[in-house]
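S.K.: Following this message is one structure expressed as structure tokens.
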Amino acid sequence: MRKQLPITICLFIFLQHTFCQLPKNFDKYVDTVLNTFNVPGLSIAVVQDDKVVLAKGYGIKHLNDTAKVDAHTLFLIASNTKAFAAMALAMLVDEGKIHWDDPVTNYLPWFRMSDAWVTSQITIRDLLVHHSGIPAFAGDILIFPPSTYTRKEIIEKLKNIPIVNSFRTTYAYDNILYITAGELIATVSGMSWEDFIKANIFDKIGMNESVSKFTNLTKEKNVATGHVLLHNKVMPVEQFLQEDIGDAGNPAGGIASNATDMAKWMITELDSGKTSTYDSLIKASDINQLWKVVTPLNVGKVPESLKPSQMISYGYALGVRVYNYGRYKIISHGGTLDGFVSHVLLVPDLKLGITVLTNQQTTGAYWSIIYHLLDYYMQNPNFNWIKGYKTLLDSSMVQWQRGYDSAVVKPDASAPKPANIDKYAGKYRNSFYGDLTISKDSLNLKFQFNQTPLFVGKLEPFQYETFKASFNNACLRSNGYMTFTLSPNGNAESCRLTPIDPDTDNDFSDLIFTKIK
């Protein structure tokens, strides 16, 4: 009996841990997260050992409605789409149709970077790891919000983007090369990106509720609405279906999914690509390729309020980031589109996967949940992640206010305002973006970026040759100043838009529009 007692106690502890698969009072914890970070709703999927531990919604889909989020509510997963792009390419590698180190021009002969040597050297693998040499987020102005350019037309703009870093030396996150990867998948497979993802990944895994073509989201009824924080007030992004991304950008961030389907996706990834029918999407060895770091990343020091999250290694693999949390290797990626942030995280050694999808653009909410769950499964000491991330959020809001205040120009009382506003009207052109039309209505000037329907607003005389620019859609957070240069005879020659909000996703800094005579 004495010999059997320790065994009995150990068995009891093991069974207790097995059946108590979530931290105590977990639902209450999530409610605290929602309230602390002003998130209307979120959805969580947790898997371990090929089983679904949790697939559940919390909160509401829209701030001004009572409809609740459930396990089937669709959210935009944004850049978590990139892991699906990498998986799709791995499938084509397995079929022998492509090789990771093949030059892109082998399959897209029209593909051009601004440097001829880089054009000849850039490979399929390079498309996924953010070290091509172009500036961070280059080309995003053509993708978010959607422009009228096709996927191929956006890729063809690459030849106008300067190489600012040496090839394969510097990490600079981009989306335009993932769009290129999507076009390559379509060319090689003979199927559109959207159809390939649905037929070869969604259908095989059983992700029957996920959407691979963003515009098809308009046909769905159980969809969360995005929300943003504007001047300390949470507001719905009512036009998110038109604002966030168009079909041209789908390979970089166009998938919408839910807790139910993301649980299936994580189980497949953690089981070396096997699906519930035991058919593998890829060879088991391919997972090592997908999760192998290609681009090293700097390991910064985390704030004291988040000290346990300090990592010692960090890098970008194929569509995912790889780092450590304590002694465990982490595979993860985040996603952001206006009104939505999400995160998918895998711990291979624990066969553990966690997805958090939210409908408010505050990352502290999903991190507070993810680290709380990681600590439980890793049996780490308790830590107040909610307090830590709330401290970080409060600090960032102070920094945002400082940035906003410094960008607001105080008018010079003696400065003349732009006169004879008719001379500013006309069509302007930028060789990279396209056309901008400035026209006069009964009172003021209005502007329209011709290739982006949502980039429309009004111009009010401010001072000198500068106008206040106000976008009709406040959620774009792009209000600012439009400044004109004049010729010696006083005619408008060019203009440039400078936003005020430091959090805007729209960068106009390199867009100088020249008036077309």
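S.K.: What is the calculated FRET efficiency for LEU230 to SER305, with r their C-beta to C-beta distance and R₀ = 25 Å, to the nearest 0.05?
M.R.: 0.45
S.K.: In whole Å, largest first, what are the principal axis extents of the Cα atoms in region 421-515?
M.R.: Taking max minus min along each principal axis of the Cα atoms, region 421-515 gives 38, 30, 22 Å.
S.K.: Please get the size of the charge dipole for the chain, origin at its Cα centre, with Cβ charges of +1 on Lys and Arg and -1 on Asp and Glu, quoted in debye to the nearest 20.
M.R.: Roughly 740 debye for the chain.
S.K.: Using only Cα atoms, tell me the angle between helix 259-270 and the longest principal axis of the chain; keep it within 0 to 90° and round to the nearest 10.
M.R.: Here the helix axis deviates by roughly 70 degrees.
S.K.: Two decimals is fine: what is log10 I(q)/I(0) at q = 0.24, 0.28, 0.29 Å⁻¹ for region 321-388, from a Debye sum with one equal scatterer on every Cα and no solvent?
M.R.: Calculated log10 I(q)/I(0) at the listed q: -1.10, -1.31, -1.35.
S.K.: How do ARG429, ARG151 rank when sorted from fewest to most other Cβ atoms within 10 Å of their own Cβ?
M.R.: Working: ARG429 14, ARG151 21.
Result, fewest neighbours first: ARG429, ARG151.
S.K.: Same structure, new question: Once the Cβ-Cβ distance between LYS283 and ASP441 is put in as r, and R0 is 56 Å, what FRET efficiency do you end up with, to the nearest 0.05?
M.R.: 0.35
S.K.: Viscosity 0.692 mPa s, temperature 37 °C: Stokes-Einstein D of the chain from its Kirkwood Cα radius, in µm² per second?
M.R.: This corresponds to a translational diffusion coefficient of 133 µm²/s.
S.K.: Among TYR481, ASN491, ASN506, pick out the residue whose Cα is farthest towards the positive end of the charge dipole of region 421-515, where Lys and Arg carry +1 and Asp and Glu carry -1 on C-beta, about the Cα centre.
M.R.: In region 421-515, that residue is ASN491.
S.K.: While we're here: Using the structure shown, select from LYS56/LYS301; LYS219/LYS283; LYS213/LYS274; LYS204/LYS233; LYS219/LYS440 the pairs with a Cα to Cα distance greater than 32 angstrom.
M.R.: Details: LYS56/LYS301 34 Å; LYS219/LYS283 35 Å; LYS213/LYS274 24 Å; LYS204/LYS233 42 Å; LYS219/LYS440 38 Å.
Result: LYS56/LYS301; LYS219/LYS283; LYS204/LYS233; LYS219/LYS440 exceed 32 Å.
S.K.: How do VAL408, VAL164, VAL46, VAL93 line up, fewest other C-beta atoms within 10 Å first? Walk me through the numbers before you get to the answer.
M.R.: On the way: VAL408 9, VAL164 13, VAL46 26, VAL93 19.
With the fewest neighbours first, VAL408, VAL164, VAL46, VAL93 line up as VAL408, VAL164, VAL93, VAL46.
S.K.: At 7 Å along Cα-to-Cβ for each site, give me the label-to-label distance between LEU241 and SER166 in nm.
M.R.: 5.0
S.K.: Where the Cα atoms of region 110-217 are projected onto their three principal axes, how long is each span, largest first, in whole Å?
M.R.: 43, 26, 25
S.K.: Select from region 325-355 those chymotrypsin sites (Phe, Trp or Tyr not before Pro) which occupy a DSSP coil region and have at most 11 other Cβ atoms within 10 Å, ordered by residue number.
M.R.: Sites meeting the loop and neighbour criteria: none at all.
S.K.: If each residue's Cβ is checked for other Cβ atoms within 10 Å, how do THR73, THR466, THR483, THR355 rank with the fewest at the top?
M.R.: Ascending Cβ contact count within 10 Å gives the list THR483, THR466, THR73, THR355.
S.K.: Using alpha carbons only, how many degrees (0 to 90, rounded to 10) separate the axis of helix 26-36 from the longest principal axis of the chain?
M.R.: That works out to roughly 20 degrees.
S.K.: For helix 176-189, what angle does its Cα long axis make with the longest principal axis of the chain, in degrees from 0 to 90 and rounded to 10?
M.R.: For helix 176-189, the angle is close to 70 degrees.
Taken together, the values in this text are just the output of simple stated rules run on the coordinates, not laboratory data. The shown structure was predicted, so the numbers you read here are calculated from the model rather than taken from an experiment. Using ideal geometry, Cβ is built from the backbone for each residue, glycine included, and neighbour counts are taken over all protein chains shown.
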